[in-house]
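*Asks:* I am attaching a structure below and will ask some questions about it afterwards.
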2 protein chains.
Amino acid sequence: MTTQQLTQQIHAKKSFLCIGLDVDLTKIPQHLLQTEDPIFEFNKAIIDATHDLCVSYKPNTAFYEAYGLKGWQSLQKTINYINENYPEIFTIADAKRGDIGNTSSMYAKAFFEDLNFDSVTVAPYMGKDSVEPFLAFENKHAIMLALTSNEGAFDFQTKNVEGKELYKTVIETSKTWKNSEKLMYVVGATKAEYFTDIRKIVPDSFLLVPGVGAQGGSLSEVCKYGMSNNVGLLINSSRGIIYASNGTDFAEKARTEALKLQQEMAAILSN
Amino acid sequence: MTTQQLTQQIHAKKSFLCIGLDVDLTKIPQHLLQTEDPIFEFNKAIIDATHDLCVSYKPNTAFYEAYGLKGWQSLQKTINYINENYPEIFTIADAKRGDIGNTSSMYAKAFFEDLNFDSVTVAPYMGKDSVEPFLAFENKHAIMLALTSNEGAFDFQTKNVEGKELYKTVIETSKTWKNSEKLMYVVGATKAEYFTDIRKIVPDSFLLVPGVGAQGGSLSEVCKYGMSNNVGLLINSSRGIIYASNGTDFAEKARTEALKLQQEMAAILSN
């Protein structure tokens, strides 16, 4: 998918919501545990109930790998289900991969060719040759960690590197890499003011924003400082939507929560 | 496995060699492609031919994920084969994982419980809560990227952060984390002099060293500056050993290459 197609979808759906499919078997409705593939059945119900309210789904690979071979199979079935039934959706493998060049190429092959995701999240620590292989695929994107929303973000990301915070150096440097126009960035919603500085470096790039809602960030503040001319934001919500209920009404309640966010987004987009 | 047991194994085998199992179907002997699981058959032959010359095997997960479900199955069969037949071996899942706390816990579960590796490589960018979950398992270890051996290492890792290089800040900061005595570090062999400074920060920690051989690092130089009282080094070689031949004699030739390194190591240990 191109970023133009993503922006078109955002305007059509009046939503820039990304739903995180972080499925933990201890948190899903108990009646699903009797099915052959509880993770997939859970995802399928959530997707069917919310696909018109969001533009993106983001399974975090950790939650699938934790269940071994069976988990990887659930991931495969989930991405296939989205691609077959809702091809307009922008899919994100939240995998935070990165390795030396030839190894990153293998990860890119895994997520772009074998699983056919539109994008994958990557870690910046190993630099240029660890990220560029993810940018070599047509209409595929790498979403690089810049400023994350967790406590540990302040261990290194905000440290001063030759006059500016490391996360700014990371974003600036990445702009010199080959096919960098396909890069997007993870920017946590912990402090909306950060977006002002980031927009000076990447005025148009898409930013994937975790930390709105459960982790305390404000949607309107993030949009105020972070929205670009092409919208340029994907706001992620995981637990607040998918675990809204753990009864048989879980999909319906997930829709209710997604709808609240979509309506806030529609109001922001209409301004 | 404890680090004491690892050091005992090193002295018993007179080796601190780690063999990287980065299996690429385009590079392995063609006759294996007719078997049901070429990746596993290749690994099994390499392991049977070299297990007495090395103390560790390190499959890089990218090479397995690239083949999807079948690749994950090959990884599972490989780790099970090592654990069942050569339980003295220190196993490393070279996965370079890291995410927010509850998500890193899922990765730790995947590699320590589901697959039963002794250790997993992790990325530092997301800080403390992204690494600590990997240190909460008894006799399991996290091996954190510090200074890697690729070109991109110089993009951020060697940048000056408040008076010292980022990789030094990363190592120093990690020493304050819970159960940090279970941490090991990835330090590339590109410049042996780096080891002098690193040993001032972590005099005893094990360092996993890629980049000897194929990538140009010198074994004797690395040992001169990097060896600790408990040896404290795992020298990795992947391609130089596993792709020594692509004929039917591949395992035998892999043994020949591993033996050369083991003999150099035995000589260094006896000094």
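For (1) in contact (Cβ under 8 Å) with a residue 12 or more places away in the chain; (2) closer than 20 Å to residue A:69 by Cβ; (3) out of contact with any Phe, Trp or Tyr (no Cβ under 6 Å at 6 or more places or on another chain); (4) not small (Gly, Ala, Ser), each residue gets a yes or a no:
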| position | (1), (2), (3), (4) |
| --- | --- |
| B:33 | no, no, yes, yes |
| B:39 | yes, yes, yes, yes |
| B:56 | yes, no, no, no |
| B:71 | yes, yes, no, no |
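*Asks:* What number goes with the only condition from (1) in contact with a Phe, Trp or Tyr (Cβ under 9 Å, 6 or more places away or on another chain); (2) open to solvent by 20 Å² or more (accessible area, probe 1.4 Å); (3) more than 23 Å from residue A:62 (Cα to Cα) that residue A:88 does not pass?
*Replies:* (1)
*Asks:* If you don't mind, there's one more thing I want to ask. I'd like the full set of residues that are within 18 Å of residue A:74 (Cα to Cα) and out of contact with any Ser or Thr (no Cβ under 9 Å at 6 or more places or on another chain), limited to segment A:43-60.
*Replies:* A:45, A:46, A:48, listed by residue number.
*Asks:* Identify all residues within segment B:214-271 that are assigned to a strand (DSSP E or B) and free of Cβ contacts under 8 Å to residues at least 60 places away in the same chain; write none if there are none.
*Replies:* B:228 - this is the single residue of segment B:214-271 that is assigned to a strand (DSSP E or B) and free of Cβ contacts under 8 Å to residues at least 60 places away in the same chain.
*Asks:* On the given criteria, is residue B:134 buried (at least 24 other Cβ atoms within 10 Å of the Cβ), under 17 Å from the mean Cα position of the chain (by Cα) and facing chain A (nearest Cβ under 10 Å)?
*Replies:* For residue B:134, the condition - buried (at least 24 other Cβ atoms within 10 Å of the Cβ), under 17 Å from the mean Cα position of the chain (by Cα) and facing chain A (nearest Cβ under 10 Å) - is not met.
*Asks:* Among B:178, B:182, which is charged (D, E, K, R) and touching a strand residue (DSSP E or B) at 6+ places or on another chain (Cβ under 8 Å)?
*Replies:* Answer to the check: B:182.
*Asks:* Quick one: residue A:191 ticks every box in (1) out of contact with any strand residue (DSSP E or B) (no Cβ under 6 Å at 6 or more places or on another chain); (2) facing another protein chain (nearest Cβ under 10 Å); (3) more than 19 Å from residue B:152 (Cα to Cα) except a single one, so which number is it?
*Replies:* Of the numbered conditions (1) out of contact with any strand residue (DSSP E or B) (no Cβ under 6 Å at 6 or more places or on another chain); (2) facing another protein chain (nearest Cβ under 10 Å); (3) more than 19 Å from residue B:152 (Cα to Cα), the odd one out for residue A:191 is (2).
*Asks:* Looking at this structure, is residue A:90 under 25 Å from residue A:250 (Cβ atoms) and touching a His at 6+ places or on another chain (Cβ under 9 Å)?
*Replies:* yes
*Asks:* Any residue at all in segment A:14-29 that is over 27 Å from residue A:185 (Cβ atoms), open to solvent by less than 10 Å² (accessible area, probe 1.4 Å), part of a helix (DSSP H, G or I) and away from chain B (no Cβ under 14 Å)?
*Replies:* No, the conditions are met nowhere in segment A:14-29.
*Asks:* Out of (1) under 18 Å from the mean Cα position of the chain (by Cα); (2) closer than 26 Å to residue B:126 by Cβ; (3) open to solvent by 20 Å² or more (accessible area, probe 1.4 Å); (4) within 14 Å of another protein chain (Cβ to nearest Cβ), what's the single condition that is false for residue B:178?
*Replies:* (1)
*Asks:* Do we find a residue being of a type in the set (Asp, Glu), surrounded by fewer than 24 Cβ atoms within 10 Å (Cβ to Cβ) and either more than 30 Å from residue B:154 (Cβ to Cβ) or within 20 Å of the chain's Cα centre (by Cα) (or both) anywhere in segment A:61-78?
*Replies:* Our first condition is that a residue be of a type in the set (Asp, Glu); within segment A:61-78, this holds for A:65.
Narrowing the set further to residues that are surrounded by fewer than 24 Cβ atoms within 10 Å (Cβ to Cβ) leaves none.
No; the residues of segment A:61-78 include none that is of a type in the set (Asp, Glu), surrounded by fewer than 24 Cβ atoms within 10 Å (Cβ to Cβ) and either more than 30 Å from residue B:154 (Cβ to Cβ) or within 20 Å of the chain's Cα centre (by Cα) (or both).
*Asks:* Could you run through segment A:15-31 and say how many residues are over 18 Å from the mean Cα position of the chain (by Cα) and touching a residue at least 12 places away in the same chain (Cβ under 8 Å)?
*Replies:* 6
*Asks:* Tell me, which helices (runs of 4 or more DSSP H) wholly within segment A:34-110 include 2 or more residues that are more than 9 Å from chain B (Cβ to nearest Cβ)?
*Replies:* On the way: elements: A:38-50, A:62-65, A:68-85, A:101-108.
Filter on segment A:34-110 gives A:38-50, A:68-85.
*Asks:* Scan segment B:137-153 for residues that are more than 7 Å from chain A (Cβ to nearest Cβ) and either open to solvent by less than 50 Å² (accessible area, probe 1.4 Å) or not charged (D, E, K, R) (or both) and jot them down.
*Replies:* B:137, B:139, B:140, B:141, B:142, B:143, B:144, B:146, B:147, B:149
*Asks:* For segment A:120-142, give me the residue count where each residue is out of contact with any Phe, Trp or Tyr (no Cβ under 7 Å at 6 or more places or on another chain) and more than 21 Å from residue B:154 (Cβ to Cβ).
*Replies:* 5
*Asks:* Here's a follow-up. Cβ contacts < 6 Å: first residue free of Cβ contacts under 8 Å to residues at least 24 places away in the same chain, restricted to segment B:140-166; second residue in a loop (DSSP other than H, G, I, E, B) and surrounded by fewer than 20 Cβ atoms within 10 Å (Cβ to Cβ), any location; separation 6+ or different chain. Result?
*Replies:* From residues that are free of Cβ contacts under 8 Å to residues at least 24 places away in the same chain, the pairs are B:160/A:162; B:161/A:159; B:165/B:158; B:166/B:159.
*Asks:* In segment A:155-164, is there at least one residue being within 7 Å of another protein chain (Cβ to nearest Cβ), closer than 17 Å to residue B:97 by Cβ and either basic (Lys, Arg) or open to solvent by less than 10 Å² (accessible area, probe 1.4 Å) (or both)?
*Replies:* yes
*Asks:* Only residues that are touching a Leu at 6+ places or on another chain (Cβ under 9 Å) and over 28 Å from residue B:207 (Cα atoms): list them for segment B:40-75, please.
*Replies:* Scanning segment B:40-75 gives B:41, B:67, B:68, B:69, B:73.
*Asks:* Here is a follow-up. Taking segment B:228-256 as the region of interest, how many residues are open to solvent by 60 Å² or more (accessible area, probe 1.4 Å) and within 19 Å of the chain's Cα centre (by Cα)?
*Replies:* Within segment B:228-256, the subset open to solvent by 60 Å² or more (accessible area, probe 1.4 Å) is B:229, B:239, B:246, B:248, B:252-253, B:255-256.
Narrowing further to those that are within 19 Å of the chain's Cα centre (by Cα): B:239, B:255.
Matching residues across segment B:228-256 total 2.
*Asks:* Restricting attention to segment B:113-131, and to residues there that are more than 10 Å from every other protein chain (Cβ to nearest Cβ) and open to solvent by 10 Å² or more (accessible area, probe 1.4 Å), which single residue is nearest to residue A:175 (Cα to Cα)?
*Replies:* So, considering only residues that are more than 10 Å from every other protein chain (Cβ to nearest Cβ) and open to solvent by 10 Å² or more (accessible area, probe 1.4 Å), the one nearest to residue A:175 (Cα to Cα) is B:118.
The values are calculated or read from the model by the stated rules, or taken from the named source; none is laboratory data. What you are looking at is a predicted structure, and each value in this text was computed from that prediction instead of being measured. Here Cβ is always computed from backbone atoms with ideal geometry, including for glycine, and neighbour counts include all displayed protein chains. Side chains are part of the model used for accessible areas, which takes the heavy atoms of the whole protein and leaves out ligands, DNA and RNA. Shrake-Rupley method; radii C 1.70, N 1.55, O 1.52, S 1.80 Å.
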